[in-house]
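Student: Below are the structure tokens for one structure; questions will follow.
The values are calculated or read from the model by the stated rules, or taken from the named source; none is laboratory data. These figures come from a predicted structure and were not determined experimentally. Here the Cβ positions follow ideal geometry from the backbone for every residue, glycine too, while neighbour counts run over all protein chains shown. Areas reflect the complete protein model, heavy atoms only, side chains present, ligands, DNA and RNA absent. Shrake-Rupley method; radii C 1.70, N 1.55, O 1.52, S 1.80 Å.
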Protein chains: 2
Amino acid sequence: MSKVRVHISASLDGYVAGPNQSQEEPLGEGGEGLHDWVTRLKAWREAAGMEGGEENDSTPVVEESHANVGAEIMGRGKFGPATRGPWGDDPWRGWWGEEPPFHKPVFVLTTHAREPLILADTTFTFVTDGIEAALDQAREAAGEKDVFIGGGADVINQYLAAGLVDELELHVVPILLGGGARLFDGVGPDLKLEEIRAIEGPGVAHLKYRVLR
Amino acid sequence: MSKVRVHISASLDGYVAGPNQSQEEPLGEGGEGLHDWVTRLKAWREAAGMEGGEENDSTPVVEESHANVGAEIMGRGKFGPATRGPWGDDPWRGWWGEEPPFHKPVFVLTTHAREPLILADTTFTFVTDGIEAALDQAREAAGEKDVFIGGGADVINQYLAAGLVDELELHVVPILLGGGARLFDGVGPDLKLEEIRAIEGPGVAHLKYRVLR
């Protein structure tokens, strides 16, 4: 059965991006530190088309996170800079250049309609009728595979609050951001979780949970 | 060298007590769920003078948390109910009855002076001149042993923000409280941490950090 999965790096104080996100600092002030543990890994670098990197106790966690994902849903804030409003005549084509690292269908939640954008083997489809419609389309595209909710925090929080997520993995990084985009904001006590596992990696703790129905 | 240590149970959304703390619900709504993992342990029950209980992967973590602690500092909100103001003629004597489970000197931060309270082998000393004065007294009382900052969140956050904590262990419980007393509120990005370890226990993940100078 196809699952809806979330995994994301979070600071110890619960933020998945720092304050003042901008085109220059898409992850906000200090937010780059959230991903130091992963960008040095061979498993991540290979998936991003880069060479080198190390193997450590986080390697199987990252490999598992990439495995069996058939589609991704993201917010407009992950697809592009914080500027909102209509897309304009020369619309933003994502942060990732002409060969994005997704290699699968990506559904972008937005309030402004736009034709699909095809870059190499990634198709970005822009969905304007809400999180459930986006999930229906992503499930259809993913087939037997899982759907990954890629962020940002507000999109993940909406899917969690709506009870639409099956599995949640946090990569807890020993930094404090002191502000920014906070995971679980507005999700509240009705969401019931069960611990699947906790794994220690270098400079990160991987905490995985199942959502109970 | 004597250390200043914090360890506390926290919800996955970062709260160490739920909303609406009261005399009936000292840990706020849902807050009791923070301690299910520990109250079933033999190691905890023995220290609290109770029988029975189980042993599991959390046992050594709890044993270590009790070991080598020579004094505790707590806020008035951990010592008594949320009612503030002068102590009155029949002052509150703690939540723990005539034989409190501390067995060591306890320093209670308060804005209202009061004579020390001696209950069995625990002496509660009330400190009105701030967190540094309380730490000086607690260090003196602890001798070679460590000082434990016992909470609540506001007291821990004050000590963290002031750079006075050496080690921090979070027992992360898979519940969401959706509000209440939040760890790291106001602590901010200047506090630098290094991961010591992550341990999986049943229904809890133990994440331990060293504060870097």
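Student: Counting only residues that are facing chain B (nearest Cβ under 8 Å), give me the strands (runs of 3 or more DSSP E) lying completely in region A:119-213 with at least 1 of them. Break it down into steps so the answer makes sense when it comes.
Tutor: Values: elements: A:122-127, A:146-149, A:167-173, A:193-201, A:204-211.
Output list reads A:167-173, A:193-201, A:204-211.
Student: Pick out the one residue from A:ARG84, A:ARG5 that is among the basic types (Lys, Arg) and in contact with a strand residue (DSSP E or B) (Cβ under 7 Å, 6 or more places away or on another chain).
Tutor: After ruling out the rest, the residue left standing is A:ARG5.
Student: Do we have any residue at all in region A:63-85 that's open to solvent by 40 Å² or more (accessible area, probe 1.4 Å), acidic (Asp, Glu) and part of a loop (DSSP other than H, G, I, E, B)?
Tutor: no
Student: Take A:GLU99 and tell me if it is within 14 Å of chain B (Cβ to nearest Cβ) and open to solvent by 50 Å² or more (accessible area, probe 1.4 Å).
Tutor: no
Student: Hey, another quick one. Confirm whether B:PHE184 is surrounded by 21 or more Cβ atoms within 10 Å (Cβ to Cβ), touching a residue at least 24 places away in the same chain (Cβ under 8 Å) and over 27 Å from A:LEU160 (Cα atoms).
Tutor: Taking the combined requirement at face value, the residue does not satisfy it.
Student: Tell me which residues, restricted to region A:35-59, are in a helix (DSSP H, G or I) and more than 14 Å from chain B (Cβ to nearest Cβ).
Tutor: Within region A:35-59, the first condition is being in a helix (DSSP H, G or I), and the residues that meet it are A:35-39, A:42-47, A:59.
Passing the criteria: A:HIS35, A:VAL38, A:THR39, A:LYS42, A:ALA43, A:TRP44, A:ARG45, A:GLU46, A:ALA47, A:THR59.
Student: When the residues of region A:21-34 are narrowed to those that are in a loop (DSSP other than H, G, I, E, B) and without any contact (Cβ under 8 Å) to a residue 12 or more places away in the chain, which ends up farthest from the other protein chains (Cβ to nearest Cβ)?
Tutor: Step by step, filter region A:21-34, then rank; the result is A:GLU24.
Student: Considering (1) more than 14 Å from every other protein chain (Cβ to nearest Cβ); (2) open to solvent by 60 Å² or more (accessible area, probe 1.4 Å); (3) more than 19 Å from the chain's Cα centre (by Cα); (4) of a type outside the set (Val, Ile, Thr), say which one B:ARG114 fails and leave the rest.
Tutor: Among (1) more than 14 Å from every other protein chain (Cβ to nearest Cβ); (2) open to solvent by 60 Å² or more (accessible area, probe 1.4 Å); (3) more than 19 Å from the chain's Cα centre (by Cα); (4) of a type outside the set (Val, Ile, Thr), the lone unmet condition for B:ARG114 is (2).
Student: Now a separate question. Can you tell me which condition B:ASN157 does not meet? The list is (1) open to solvent by less than 50 Å² (accessible area, probe 1.4 Å); (2) polar (S, T, N, Q); (3) in contact with a strand residue (DSSP E or B) (Cβ under 8 Å, 6 or more places away or on another chain), and all the others hold.
Tutor: Condition not satisfied by B:ASN157: (3).
Student: Open to solvent by less than 40 Å² (accessible area, probe 1.4 Å), touching a residue at least 24 places away in the same chain (Cβ under 8 Å) and closer than 14 Å to B:ARG182 by Cβ, is that true of B:SER11?
Tutor: yes
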